[in-house]
Amino acid sequence: MFASLAVELVPTARMPYPHLVFWLGITTVLLGVAIRRYAVWTLGRYFSITVTVKSTDDVVDVGPYRWVRHPSYTGGLLSLVGLGIAVGNWLSFLIILLAGIVGYGYRISVEERALRGELGNDYREYATETPYRLVPKIW
């Protein structure tokens, strides 16, 4: 809602080249969706909308999980970045990005706690081997 309001309330924050920016944003959204779909497909039967981990589950360390521990969230956050770009307003972009970082940051902390609690040493080893949560070489 705040991102939508920013477009109207702060028109001076418009990004240049609106048509180009819009299509760049849409392309980024689609890339994020593709990354998320690949991550969900890789998880297969282990995927769930809610954070659910059983002690009998295995650590998945193939596909995009070789590079980051939460590639599905990487894709989701990238889609939000694309949405922020497509809106074409710097303030809207920042609001959407901040909301995504806060939301996914919280979700990751909940999921990491559950995975460490249920999968124990297997997940700790994976986390050591794959130290990045969302973006390789960054975080």
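Here are a few things to note about the model shown:
- Unmet criterion (only one of (1) assigned to a helix (DSSP H, G or I); (2) of a type outside the set (D, E, K, R); (3) under 30 Å from A114 (Cα atoms)) for L24: (3)
- Test for G88: is it in contact with a strand residue (DSSP E or B) (Cβ under 9 Å, 6 or more places away or on another chain), surrounded by 17 or more Cβ atoms within 10 Å (Cβ to Cβ) and closer than 29 Å to R14 by Cβ: yes
- Members of the range 1-20 that are out of contact with any helix residue (DSSP H, G or I) (no Cβ under 6 Å at 6 or more places or on another chain) and open to solvent by less than 100 Å² (accessible area, probe 1.4 Å): S4, L5, P11, P16, P18
- Conditions (1) open to solvent by less than 100 Å² (accessible area, probe 1.4 Å); (2) assigned to a helix (DSSP H, G or I); (3) modelled with pLDDT under 95: number failed by V51: (2)
- Reported count of residues in the range 54-65, each being of a type outside the set (A, V, I, L, M, F, W, C), open to solvent by less than 50 Å² (accessible area, probe 1.4 Å) and touching a residue at least 40 places away in the same chain (Cβ under 8 Å), is 2.
- Within the range 66-84, tally of residues that are in contact (Cβ under 8 Å) with a residue 60 or more places away in the chain and open to solvent by 40 Å² or more (accessible area, probe 1.4 Å): 2
- Of the residues making up the range 109-139, those that are under 14 Å from V51 (Cα atoms) and in contact with a helix residue (DSSP H, G or I) (Cβ under 6 Å, 6 or more places away or on another chain) are L115, R116.
- Contacts under 7 angstrom Cβ, first residue in the range 88-106 being assigned to a loop (DSSP other than H, G, I, E, B), partner of a type outside the set (D, E, K, R) and modelled with pLDDT under 95, 6 or more apart: G88/M15; G88/P18
- Residue within the range 30-47 that is surrounded by 15 or more Cβ atoms within 10 Å (Cβ to Cβ), under 25 Å from Y73 (Cα atoms), in contact with a Leu (Cβ under 7 Å, 6 or more places away or on another chain) and not aliphatic (A, V, I, L, M) present: yes
The values are calculated or read from the model by the stated rules, or taken from the named source; none is laboratory data. This one's a predicted model, so the numbers in the text were calculated from it and none came from an experiment. FYI the Cβ positions are ideal-geometry reconstructions off the backbone, even for glycines, and counts take in every protein chain you see. When the accessible area is computed, the model is the full protein with side chains, heavy atoms only, and any ligands, DNA or RNA have been set aside. Shrake-Rupley method; radii C 1.70, N 1.55, O 1.52, S 1.80 Å.
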